[in-house]
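This report refers to the structure that appears directly beneath it.
Throughout, read-outs are computed from the coordinates displayed, never taken from laboratory work. Bear in mind that the values here come from a model prediction, so they are computed numbers and not experimental data. Cβ placement follows ideal geometry from the backbone for every residue including glycine, while neighbour counts extend to all protein chains displayed.
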Amino acid sequence: MNGDEAMTTKLTEPLRREIEIDGNPFTVLITPAGLRLSRKRFRQGRLVSWRGLWEQGEHENAAISRGPGAEGTPPALTEHPDPTRRI
């Protein structure tokens, strides 16, 4: 295999898949613009752009490197998430 061969397929069309979270069906929609997670048969859900997802990861990495409880660390990174909270 040389450098000219693509190992991945470019995302040009929406891709929809069903997943299950705590026994509840959800739909994941992956588009060139980002990712949407919603309850099955509902249109509204959580939407995140690819840039937003990337930037959030960089923010979390920076906060983790400062250590738990460091000033500026978002509470979500130092506290356990509420397991009863639903998306």
Table column - 3J(HN,Hα) (Hz), segment 43-56, Karplus curve with 6.51, -1.76, 1.60, x for Gly and Pro: 7, 7, x, 8, 10, 9, 6, 4, 5, x, 5, 5, 5, 4
Net lengthening on full extension, Ile19/Gln44 (0.36 nm per residue, minus Cα-Cα): 7.4 nm
GluC sites (Glu not before Pro) within segment 1-62: DSSP coil, no more than 10 neighbouring Cβ in 10 Å: Glu5
Alpha carbon convex hull of segment 1-60, projected area averaged over orientations, nm²: 6.4 nm²
